[in-house]
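Input: a single structure, listed below in structure tokens.
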Amino acid sequence: MQDLLLLQQAMVNNQRLECKHFFDKYEKILQSSLSDGARPYQVAAKIPDDEISWCLMPTDIPGNLSPKKATADGNCLYFSMSIALTGKEELAHALRLLVAAELYLEADFYAQHPYFEKDFKKCNYSESTRFAIALSSDYEDVRNRRDVVVQEATITCRNGKWGAMLQIMALASVIGRPIFAVYPDTVNQAVRSFCHGVVNPKMQLPNQVSKGNMVFIMWTRTSFVPQNATLEPNHFVPLMPSVGCNRPPFLFDENEFPPLQKISEPSKR
């Protein structure tokens, strides 16, 4: 945790070389952890399935994926990615630090990330609104995107600060692999159209994406939503390959937990 605080101080003081030092240090830690040849889905097979996420699983993703439980303490995005990469949560701290440093060092790139310019079939939001939706915090003014990305980098240094689409964009570059961000299909279609899809790493073109190399991370919840309430994801879990898994029936009686309600406007912005 100390390195996160030191990285945050370096950002505040605009010490780019120090930030790059931390990035290089933890990139080596990440690469070392991924070079042992372990198969993460075999290790993760011991992790229980996340039953709530099963109930929220959309139908437009590969059918052989199972949602695995990830610790829900604000670090769930990084825990989920760690499980996806190694089958364990141990890399979460390193991944958070790398994402924070990546956002700071490459703020210009993430301020104009190609994902914001995608042709979203069901999303009629302006590009500036898409940018605002991608942030992990609310800002009064997001017109200076680079400054906002730097602020996002700084607050990402806080242990327990939850991640959002912008952090997923940086994660893809940090691990050098495309990430499929999976969003439940029972919510606002405009929001889902933006938050559900493939995010490519910085140096990889869309036509170079390998499905076999893709990581699946799902937006989900830690609890069910009461009837007539708005569904707002507050958690992430990894979706891991499984052999012979079948989608289970509804977790509880459908009369006790009715289908989640659709929303017409994003609640965050």
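The values are calculated or read from the model by the stated rules, or taken from the named source; none is laboratory data. This one's a predicted model, so the numbers in the text were calculated from it and none came from an experiment. Ideal geometry is used to build each Cβ from the backbone, glycine not excepted, and the neighbour counts take in all protein chains shown.
Inspect region 60-71 for any residue being modelled with pLDDT of 95 or more, in contact with a Lys or Arg (Cβ under 9 Å, 6 or more places away or on another chain) and under 18 Å from TYR183 (Cβ atoms) and give the result as yes or no. Within region 60-71, not a single residue is modelled with pLDDT of 95 or more, in contact with a Lys or Arg (Cβ under 9 Å, 6 or more places away or on another chain) and under 18 Å from TYR183 (Cβ atoms). When residues in region 37-77 are screened for being assigned to a loop (DSSP other than H, G, I, E, B) and hydrophobic (A, V, I, L, M, F, W, C), 7 of them pass. Of all residues in region 149-186, exactly one satisfies the criterion of being of a type in the set (Ser, Thr, Tyr), part of a helix (DSSP H, G or I) and closer than 20 Å to THR71 by Cα, namely THR156. Kindly indicate whether any position in region 87-99 is outside any loop (DSSP other than H, G, I, E, B), under 28 Å from ASP60 (Cα atoms) and either at pLDDT below 95 or of a type in the set (Ser, Thr, Tyr) (or both). Within region 87-99, not a single residue is outside any loop (DSSP other than H, G, I, E, B), under 28 Å from ASP60 (Cα atoms) and either at pLDDT below 95 or of a type in the set (Ser, Thr, Tyr) (or both). Determine whether ILE155 is modelled with pLDDT of 95 or more and surrounded by fewer than 22 Cβ atoms within 10 Å (Cβ to Cβ). It is true that ILE155 is modelled with pLDDT of 95 or more and surrounded by fewer than 22 Cβ atoms within 10 Å (Cβ to Cβ).
Looking at region 127-140, is at least one residue among the basic types (Lys, Arg) and in a loop (DSSP other than H, G, I, E, B)?
No, because not a single residue in region 127-140 is among the basic types (Lys, Arg) and in a loop (DSSP other than H, G, I, E, B).
Scanning region 15-70 for residues that are among the hydroxyl-bearing types (Ser, Thr, Tyr), in contact (Cβ under 8 Å) with a residue 60 or more places away in the chain and farther than 19 Å from ARG96 by Cα returns TYR41, SER53, THR59, SER66.
The lone criterion from (1) modelled with pLDDT of 95 or more; (2) closer than 26 Å to LYS46 by Cα; (3) surrounded by fewer than 18 Cβ atoms within 10 Å (Cβ to Cβ) left unmet by ARG247 is number (1).
Here SER173, SER210, SER267, SER242 are screened, and the one residue that is exposed (fewer than 12 other Cβ atoms within 10 Å of the Cβ) and at pLDDT 50 or above is SER210. Going through (1) surrounded by fewer than 22 Cβ atoms within 10 Å (Cβ to Cβ); (2) more than 25 Å from ALA72 (Cβ to Cβ) one by one, SER136 falls short only on (2). Against the definition (in contact with a His (Cβ under 8 Å, 6 or more places away or on another chain), among the hydroxyl-bearing types (Ser, Thr, Tyr) and within 25 Å of ASN200 (Cβ to Cβ)), how does TYR26 come out, yes or no? Considered against the rule, which asks whether it is in contact with a His (Cβ under 8 Å, 6 or more places away or on another chain), among the hydroxyl-bearing types (Ser, Thr, Tyr) and within 25 Å of ASN200 (Cβ to Cβ), TYR26 comes out as no.
Once region 109-126 is narrowed to residues that are outside any loop (DSSP other than H, G, I, E, B) and free of Cβ contacts under 8 Å to residues at least 40 places away in the same chain, the residue that is surrounded by the fewest Cβ atoms within 10 Å (Cβ to Cβ) is GLU117.
Inspect region 147-163 for any residue being free of Cβ contacts under 8 Å to residues at least 24 places away in the same chain and of a type in the set (A, V, I, L, M, F, W, C) and give the result as yes or no. Yes; the residues of region 147-163 include at least one that is free of Cβ contacts under 8 Å to residues at least 24 places away in the same chain and of a type in the set (A, V, I, L, M, F, W, C).
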